[in-house]
Amino acid sequence: MPGSATVRRPRWETVVQAVERYSTGAIILHWLIALLLAGEIALGFAMPKDASGFAEYQLHKSIGITILALSLVRLGWRVTHPRPASLEGGATGVLAGAVHLGFYVFMIAMPLTGWALVSTDPLDVPTILYGVVPLPHLPLGEGLNNLAKNAHEWLAWGGVALFVLHVAGALRHHFLLNDNLLARMTFDGKAGRALGAGGAIVAVGLITLFSVGGDAPEESTRPEQAEVALADARVVGEASGDVKDDESEVETPVEEEATPTEDVDEAEAEPETAAAEPSSWAIQPGGSLRFTATNSGAALNGSFANWSGDIAMDPEAPQSAEITIRVDLASATLGDATQDNMLRGGDFFDTASFPQAVWRSTAVRRVSGNRYEADGTLSLKGVSRSQRITFTLQGSGNRRSVQGSATIDRNAFSVGTGSSAEGLAGAVEVSFAFDATS
């Protein structure tokens, strides 16, 4: 009859109209946290666990604290904003609720245990969020470090399980129940968009997992690191990064006991009188003093910003030369503020107690042409050892260009101790280049 006919609509369209969506804030927080979680979990499993993964480690901590902050906001949002009623009851409804509760526990407990792990580590590695904001350590003792580590690892696997269950539940609702549940977490009520967003997030996690690296140290060397090492080929030696022990380069210690730098300066304060007064050379600005250490096959390249020297040498009679080089150890940098702070700490240069390294020549000789060798004494971190350098001179008259290198045994000076130096090779390559005028 006219006016009494009922318009029949497809079942899916009726369901779409009946679905109540989450609030805009809840939707934004859900997808943002999901994206960060996928990348964070994958990064945690994939990043190298030695010093070659330092940058990834810092990023992992930064993302973790970001997730913690957003999760607290999300929790507060849920308390203050009503959410859609559950579409499913029974055992599956209970399981879905447990998964959601588990996610809240995971999103808050995982960053907190990671923060506790860093705070209780015997190696004091500062956390600089995204290289800008320093994060203080929690006031916890080192005795809790193992507990924090185990909790963090178990929570990581728990997070993977929750992720799998959550994705499986979403796919079940979309493809088997066809109840348009996914539309509740979209701005326009279209379930397909939620499905696409979820797939993109899973892809981000997989790409991160397989592109960052692996746990095995031998796999931590990367092409770009090898290229950096080759760029400094004059100081690295072999392109593979392997450093051979050379008794001619790292000689027998001058003394068995550590000798302060000042003692060496006094002992050599009266050099032998040369037959002719050698020319004095002034080091010109713009020179470089670089170092390369190998960590589990990966090159770590750094430099010293502040250094100076006194040079008195006749290139035609190098045996009369007197050379002293002074290095401000606090100016050492690897290009990362956190790593630079570690270099200044007690495990490495301990610049608070030993601010300067000094190399003073004892014998200089010409090898051939413009190539020279110089034996001397290196005083570093309260220890003095014999140290040879090699260098070349280019130019003539009162202006010369100097390039040289040395291989230093860091273990002889107790530079690099503790867990942060476990994969660090003992030999460190040093190079220098500068112009000098007389």
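Only the coordinates and a few stated rules stand behind these numbers; no lab work does. Note that the structure is a prediction, hence the values are computed from the model and not measured. Please note: Cβ atoms are built from the backbone with ideal geometry, for glycine as well, and neighbour counts cover all protein chains shown.
Tabulated results
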{"item": "Two-site label geometry, THR390 and TYR104: point separation in nm, points 7 Å out along Cα→Cβ", "result": "6.8"}
{"item": "Pair VAL132, VAL160: separation of 7 Å Cα→Cβ label points (nm)", "result": "3.3"}
{"item": "The range 159-199-the range 126-149 distance, computed between alpha-carbon centres (Å)", "result": "36"}
{"item": "Extension reserve of the LYS190-ASP328 stretch, reckoned as 0.36 nm per residue once the Cα distance is removed", "result": "43.4 nm"}
{"item": "FRET efficiency for ALA91 and GLN356, using Cβ-Cβ distance with R0 set to 60 Å, rounded to 0.05", "result": "0.25"}
{"item": "Packing-based order for 166-176, 338-348, using average beta carbon neighbours within 10 Å, highest first", "result": "338-348, 166-176"}
{"item": "Cα-only Debye scattering, the range 287-397: base-10 log of I(q)/I(0) at q = 0.18, 0.19 Å⁻¹", "result": "-0.99, -1.06"}
{"item": "Förster radius 51 Å - calculated FRET efficiency between GLU277 and ILE207, Cβ distance, rounded to 0.05", "result": "0.15"}
{"item": "Whole-Hz ³J(HN,Hα) from phi, Karplus 6.51 cos²θ - 1.76 cosθ + 1.60, for the range 324-334, glycine and proline x", "result": "9, 10, 10, 10, 7, 5, 5, 8, 5, 9, 10"}
